[in-house]
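What follows is a set of notes on a single structure, which appears directly below.
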Amino acid sequence: MVEYDSPDPLGDVNRAWFAQATRFGLFGDTGEFLLWVDIHDEPYGGDLRWARVRLGPNWNIAGDRPTTINGPTRDGLITMSVHGDVIVEGSTGQHNMEVLAVPNPHKASAIRHYVEFMLRDGELSGVEAENVRNWLGRE
């Protein structure tokens, strides 16, 4: 957790995210990872997709506002390894910003329930639904 009133809250969030991402293997062998983005840039009900990205030399995960993590969706920052074996997310609270790593997210009940809801909702394409079923079927 990073308190908003810390001397360098955005720098602290960047360092915390990078530490979690490195520790839990977000970058894999190629340095690429997945970033949850809204491809239509709508504030609500957008078109969310995973984009394959790599950090550039001047990366900044936290953004430039001292009381929020400026992820590409209104939900904050959600990143996942290319192989889906770790999620590293950033979110904001009333008094602080948090960075959390979830190894083996396919085993986390809350995430499984959400992904299963996405399947039942029927808004995934055939390929997306197939990929989600394969991800849920991991051991």
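The values are calculated or read from the model by the stated rules, or taken from the named source; none is laboratory data. The shown structure was predicted, so the numbers you read here are calculated from the model rather than taken from an experiment. Methodologically, a virtual Cβ is constructed for each residue, glycine included, from the backbone with ideal geometry; neighbour enumeration extends over all protein chains shown. Keep in mind that these areas ignore ligands, DNA and RNA; they rest on the heavy atoms of the full protein, side chains included. Shrake-Rupley method; radii C 1.70, N 1.55, O 1.52, S 1.80 Å.
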- Enumeration of residues in segment 95-113 that are more than 20 Å from residue 33 (Cβ to Cβ) and either under 20 Å from the mean Cα position of the chain (by Cα) or surrounded by 14 or more Cβ atoms within 10 Å (Cβ to Cβ) (or both): 96, 109, 110, 112, 113
- Note on the structure: Note on segment 16-70: residues at pLDDT 90 or above and at positive phi are 25, 31
- Task: Please tell me if residue 137 is modelled with pLDDT of 85 or more and within 19 Å of residue 2 (Cα to Cα).
- Result: no
- Going through segment 2-30 one residue at a time, which ones are over 15 Å from residue 61 (Cα atoms) and of a type outside the set (D, E, K, R)? 4, 6, 7, 24, 25, 28, 30
- Item | Hits in segment 1-42 (condition: open to solvent by 40 Å² or more (accessible area, probe 1.4 Å) and part of a helix (DSSP H, G or I)) | 12, 15, 18, 19, 20, 22, 23
- Note on the structure: Listed by first then second residue, the pairs whose first member lies in segment 82-99 and is without any contact (Cβ under 8 Å) to a residue 60 or more places away in the chain, whose partner is among the charged types (D, E, K, R), with beta carbons under 8 Å and at least 6 positions apart or on separate chains, are 82/32; 82/52; 84/138; 91/75; 91/98; 92/98
